[in-house]
Amino acid sequence: MKTTLDVSCDVSLWTELSKVEQFKLMLKSKADITFFWEHPALGNMKLWPSQRELLREFNLRTPEGRRLYKELLFSAGMRSGKTAIASLIILTELFLCLFMDSPQKYYSLLPKEEINFLATASTEKQCHRTIFKKIVAFVESSPFFCSFNDEITLVTGILKFPKNLVVKNRLNKLIEKEGLLVLLFAR
């Protein structure tokens, strides 16, 4: 059972930035989430054009800051990137919560209440070996996320972050087995 992250990036790219530079990058990332994922000190990955488009579109907000879209139904064939986009969206929401002073207050929850980010699939194998493994891989290659390494708890199917933010994988028999990704978000 794996209990620590295998950091595969240079965390100092993020940690050695001044607080002012970190804040600037965070603001740019909040305005355009693809900036977060593609910046070497933050997400540290190269997005496909379709991933860029999907992340930007799904992250659109109303002038009041509310989510424009609250669900995503994404039907695609095998090896088309459904797991990657689901992982990116889950971790994008996690990033946005880590950026907040109190995500619980934002979502009208009790101050210490846990906020769960669920990665679901129709089979146990997909849950553990595919979706959750992809999420962990993205975290391990991100200098921003790895900067929390001492504060992250990793147990089978659960990643606990600061601010009571928890990524979990859960078996969901209601999800179609073939090529359908369903994401639902509040606010």
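The values are calculated or read from the model by the stated rules, or taken from the named source; none is laboratory data. Note that the structure is a prediction, hence the values are computed from the model and not measured. Backbone-built Cβ (ideal geometry, glycine too); neighbour counts: all protein chains shown.
Answer yes if at least one residue in segment 99-111 is closer than 27 Å to residue 46 by Cα, surrounded by 14 or more Cβ atoms within 10 Å (Cβ to Cβ), touching a residue at least 12 places away in the same chain (Cβ under 8 Å) and under 12 Å from the mean Cα position of the chain (by Cα), and no otherwise.
No - not one qualifying residue is present in segment 99-111.
With respect to the numbered conditions (1) loosely packed, with under 12 Cβ neighbours inside 10 Å; (2) over 27 Å from residue 8 (Cβ atoms), which one is the sole condition not fulfilled by residue 49?
All conditions pass for residue 49, except number (2).
Name the residues in segment 112-130 that are at pLDDT 85 or above, surrounded by fewer than 16 Cβ atoms within 10 Å (Cβ to Cβ) and either out of contact with any helix residue (DSSP H, G or I) (no Cβ under 9 Å at 6 or more places or on another chain) or part of a strand (DSSP E or B) (or both), would you?
Here is the first cut: in segment 112-130, the ones at pLDDT 85 or above are 112-117.
Filter once more, keeping what is surrounded by fewer than 16 Cβ atoms within 10 Å (Cβ to Cβ): 112-114, 116.
The answer is 116, and nothing else.
How many residues are exposed (fewer than 12 other Cβ atoms within 10 Å of the Cβ) and closer than 15 Å to residue 121 by Cβ when one looks only at segment 55-78?
The number of residues fulfilling the criteria is 1.
Looking for whichever is more than 15 Å from residue 143 (Cβ to Cβ) and either of a type in the set (D, E, K, R) or in contact with an Asp or Glu (Cβ under 6 Å, 6 or more places away or on another chain) (or both) here; the options are 38, 64. Which one fits?
Numbers: 38 fails: more than 15 Å from residue 143 (Cβ to Cβ).
Criteria check complete, one pass: 64.
Does segment 1-28 hold any residues that are assigned to a helix (DSSP H, G or I) and small (Gly, Ala, Ser), and which are they? Give the derivation first.
Filtering segment 1-28 down to residues assigned to a helix (DSSP H, G or I) leaves 12-15, 19-28.
Across segment 1-28, the qualifying residue is only 12.
Would you point out the residue of segment 131-187, among those that are of a type in the set (S, T, N, Q) and part of a helix (DSSP H, G or I), that is modelled with the lowest pLDDT?
Let us first name the residues in segment 131-187 that are of a type in the set (S, T, N, Q), namely 141-142, 147, 149, 153, 156, 164, 169, 172.
Next cut, part of a helix (DSSP H, G or I) only: 149, 164.
Numbers: 149: 92, 164: 95.
Result: 149.
Of 64, 57, 93, which residue is part of a helix (DSSP H, G or I) and over 18 Å from residue 162 (Cα atoms)? Explain how you work it out, then say what you get.
On the way: 64 fails: part of a helix (DSSP H, G or I); 93 fails: over 18 Å from residue 162 (Cα atoms).
Answer to the selection: 57.
Could you count how many residues in segment 29-46 are loosely packed, with under 14 Cβ neighbours inside 10 Å and not in a loop (DSSP other than H, G, I, E, B)?
Narrowing segment 29-46 to residues loosely packed, with under 14 Cβ neighbours inside 10 Å: 31, 40, 46.
Keeping just the survivors that are not in a loop (DSSP other than H, G, I, E, B) gives 31.
Qualifying residue count, segment 29-46: 1.
Looking for something among the charged types (D, E, K, R) and at pLDDT 90 or above - is there at least one such residue anywhere in segment 64-84? Before the answer, list the steps.
Step one: filter segment 64-84 for residues among the charged types (D, E, K, R), giving 64, 66-67, 70-71, 79, 82.
Now restrict to residues that are at pLDDT 90 or above: none.
There is no residue in segment 64-84 that is among the charged types (D, E, K, R) and at pLDDT 90 or above.
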